[in-house]
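What follows is a single structure, written as structure tokens, with notes after it.
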Ligand code: GDG
């Protein structure tokens with residue numbers, strides 16, 4: 001953490017993301033209640049901002065009633081120990097519908113995740129996306145106190161912001177991180193505004209992805225769309241006289257500090273919640289309720305495992321936490337219904353009085369409870385059909401200082417590159433996933449320990465501070481070089 005501070009000492013840091021790290025809500029009693037959103041981006045970037053300070057600009061989305069929270073346009077956070085400013089951009093319902101639900105989540109999200117959901121492109125959504133990107137870029141420019149701030153642009157909601165900021169602040173260091181996959185160039189080319197998006201991103205000084213694969217896909221996309229100079233050797237793209245470093249920075253979590261609750265207490269608590277005895281086996285799943293996370297495949301694999309190993313009926317359950325997300329979109333509502341129906345069917349088929357093979361908790365849980373669940377489980381299932389990185393698997397690993405528990409990890413999550421000692425699965429093969437689940441539930445303690453030790457040493461080292469420090473060190477180098485060149 002000290003590395004972060006020293007690399008950019010005295011420099012100004014501005015973060016831009018759609019999601020806000022803290023949601024302030026007014027309760028019926030008129031008190032302000034503060035919630036944390038379910039978001040991988042916030043999980044990763046928030047500890048970095050705590051360490052760096054500066055200003056974080058976000059859409060005041062969750063802060064429900066904007067009239068009552070007007071005074072919270074800008075607040076110092078974290079509430080318990082303020083170290084940076086949270087500034088909110090308020091969007092109208094129409095802007096939110098077009099920019100966020102429309103172009104970002106019905107267009108770019110399925111476009112970039114190959115999960116066989118067809119992207120929807122509407123010209124009106126694109127117009128809102130462009131206009132909202134301009135509003136955020138303007139907010140960055142007015143928040144900047146110097147000509148050369150360090151701006152961290154987060155995710156697919158803001159592809160146009162780097163170029164827009166660059167136009168007003170040519171000397172800014174703009175680090176853009178794309179938290180989701182980048183598809184191959186043929187897949188990307190169906191987007192009617194493909195060139196504008198790529199041009200917008202190339203306003204960045206550094207453009208980061210999770211894996212070398214995503215970087216390669218992006219570079220190939222540029223090659224097909226624009227007259228740019230690509231230098232493979234240095235991973236740079238020069239376009240319109242400006243150079244962008246395109247590089248992979250695998251994101252992670254903050255390694256937990258301090259004592260964790262006793263495993264026995266966590267095990268007992270979760271088993272009591274689902275009404276089973278102490279020796280009951282549990283696999284945990286924690287996801288936003290999203291069609292890319294492979295939830296249908298996960299429950300189907302549980303059914304196949306029970307069918308193949310009837311001795312597990314009555315002895316094993318999957319506990320799935322599915323935090324509500326984007327529920328105003330039809331695609332998400334339909335997915336929710338399909339999932340509810342499947343869970344009902346599997347429970348009807350294998351359930352017994354007092355026993356359900358699948359418990360679906362489709363509500364938001366707090367982070368402390370999630371950590372207790374991770375500690376209570378015998379296995380954790382990450383079955384994403386496609387995922388930029390996936391932080392749930394890293395949280396599970398970090399929670400297991402007892403060196404027990406088995407991780408099943410989809411090979412289509414970026415995290416699979418870093419964590420080969422998990423049981424790597426292909427979620428599209430229900431049978432293989434079912435076999436891996438059985439292997440996890442019957443794995444010897446010694447093998448669990450060896451695998452978990454290896455996974456823990458990786459995540460402890462490749463933590464989120466390293467992710468941020470790598471980008472900030474690259475940024476600091478670029479700033480030095482630019483200063484030197486300016487003097488020549
Ligand atoms: C995107 C990319 C990439 C979940 N339910 C609750 C809750 N969560 C937390 C988890 C975890 C986070 O949300 C989910 O992170 P993921 O990384 O798994 O997934 P996305 O939200 O899709 O994140 C992803 C990430 O960005 C970072 O770059 O890894 O590939 O898709 O931290 O614990 N948190 C709380 N309550 C819940 O009910 N508090």
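Data table
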{"item": "Test: residue in segment 349-356 that is farther than 14 Å from residue 302 by Cβ, within 11 Å of the ligand (Cβ to nearest atom), touching a residue at least 12 places away in the same chain (Cβ under 8 Å) and assigned to a loop (DSSP other than H, G, I, E, B)", "result": "no"}
{"item": "Residue, nearest to the ligand (Cβ to nearest atom), within segment 41-60, restricted to residues that are without any contact (Cβ under 8 Å) to a residue 40 or more places away in the chain and over 11 Å from residue 254 (Cα atoms)", "result": "42"}
{"item": "Pairs, first touching a residue at least 24 places away in the same chain (Cβ under 8 Å) in segment 385-398, second within 6 Å of the ligand (Cβ to nearest atom), C-beta under 6 Å, six or more apart", "result": "388/179; 388/180; 389/251; 391/40; 391/43; 392/286"}
{"item": "Residue list for segment 124-158, filter: surrounded by fewer than 15 Cβ atoms within 10 Å (Cβ to Cβ) and touching a residue at least 60 places away in the same chain (Cβ under 8 Å)", "result": "145, 146"}
{"item": "Residue that is nearest to residue 429 (Cα to Cα) [pool: residues in segment 357-372 that are within 16 Å of the ligand (Cβ to nearest atom) and touching a helix residue (DSSP H, G or I) at 6+ places or on another chain (Cβ under 6 Å)]", "result": "360"}
{"item": "Flag for residue 325 being touching a residue at least 40 places away in the same chain (Cβ under 8 Å) and within 14 Å of the ligand (Cβ to nearest atom)", "result": "yes"}
{"item": "Close pairs from segment 208-235: first without any contact (Cβ under 8 Å) to a residue 12 or more places away in the chain, partner more than 16 Å from the ligand (Cβ to nearest atom) and part of a helix (DSSP H, G or I), Cβ under 7 Å, at least 6 apart", "result": "230/219; 230/222; 230/223"}
{"item": "Residue among 466, 472 that is modelled with pLDDT under 95 and either out of contact with any helix residue (DSSP H, G or I) (no Cβ under 7 Å at 6 or more places or on another chain) or surrounded by fewer than 18 Cβ atoms within 10 Å (Cβ to Cβ) (or both)", "result": "466"}
{"item": "Selection from segment 284-300 of residues that are in contact with a strand residue (DSSP E or B) (Cβ under 8 Å, 6 or more places away or on another chain) and away from the ligand (no atom under 16 Å from the Cβ)", "result": "299"}
{"item": "Residue in segment 415-438 that is assigned to a strand (DSSP E or B), within 13 Å of the ligand (Cβ to nearest atom), closer than 26 Å to residue 278 by Cα and modelled with pLDDT of 95 or more present", "result": "no"}
{"item": "Hey, residue 198 in a loop (DSSP other than H, G, I, E, B), farther than 21 Å from residue 472 by Cβ, more than 16 Å from the ligand (Cβ to nearest atom) and over 20 Å from the mean Cα position of the chain (by Cα) or not", "result": "no"}
{"item": "Residue among 323, 376 that is farther than 23 Å from residue 435 by Cα and in contact with a strand residue (DSSP E or B) (Cβ under 7 Å, 6 or more places away or on another chain)", "result": "323"}
{"item": "Residue check for residue 208: part of a helix (DSSP H, G or I) and under 23 Å from the mean Cα position of the chain (by Cα)", "result": "no"}
{"item": "Matching option when the condition is away from the ligand (no atom under 16 Å from the Cβ), exposed (fewer than 15 other Cβ atoms within 10 Å of the Cβ), within 29 Å of residue 41 (Cα to Cα) and modelled with pLDDT of 95 or more, among 307, 337", "result": "337"}
{"item": "Which numbered condition residue 277 misses (of (1) modelled with pLDDT of 95 or more; (2) farther than 30 Å from residue 175 by Cβ; (3) within 16 Å of the ligand (Cβ to nearest atom); (4) in contact with a helix residue (DSSP H, G or I) (Cβ under 8 Å, 6 or more places away or on another chain))", "result": "(3)"}
{"item": "Search result, residues across segment 142-192 that are in a helix (DSSP H, G or I) and over 24 Å from residue 46 (Cβ atoms)", "result": "163, 164, 166, 167, 168, 185, 186, 187, 188"}
{"item": "Qualifying residue in segment 427-436 (condition: buried (at least 19 other Cβ atoms within 10 Å of the Cβ) and within 30 Å of residue 153 (Cα to Cα))", "result": "no"}
{"item": "Conditions (1) surrounded by 23 or more Cβ atoms within 10 Å (Cβ to Cβ); (2) under 22 Å from the mean Cα position of the chain (by Cα); (3) over 13 Å from residue 287 (Cα atoms); (4) away from the ligand (no atom under 12 Å from the Cβ): number failed by residue 332", "result": "(1)"}
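This table checks each residue for (1) in a helix (DSSP H, G or I); (2) crowded, with 20+ Cβ neighbours inside 10 Å.
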position: 237; (1), (2): no, yes
position: 244; (1), (2): no, yes
position: 251; (1), (2): no, yes
position: 254; (1), (2): no, no
position: 257; (1), (2): no, no
position: 264; (1), (2): yes, no
position: 272; (1), (2): yes, no
position: 278; (1), (2): no, no
position: 284; (1), (2): no, yes
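Okay, residues lined up against (1) more than 9 Å from the ligand (Cβ to nearest atom); (2) within 20 Å of the chain's Cα centre (by Cα); (3) crowded, with 23+ Cβ neighbours inside 10 Å; (4) not in a loop (DSSP other than H, G, I, E, B):
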site: 375; (1), (2), (3), (4): yes, no, yes, yes
site: 380; (1), (2), (3), (4): yes, yes, yes, yes
site: 384; (1), (2), (3), (4): no, yes, yes, no
site: 396; (1), (2), (3), (4): yes, yes, yes, yes
site: 409; (1), (2), (3), (4): yes, yes, yes, yes
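The values are calculated or read from the model by the stated rules, or taken from the named source; none is laboratory data. These figures come from a predicted structure and were not determined experimentally. Note: ideal-geometry Cβ built from the backbone for every residue, glycine included; neighbour counts use all protein chains shown.
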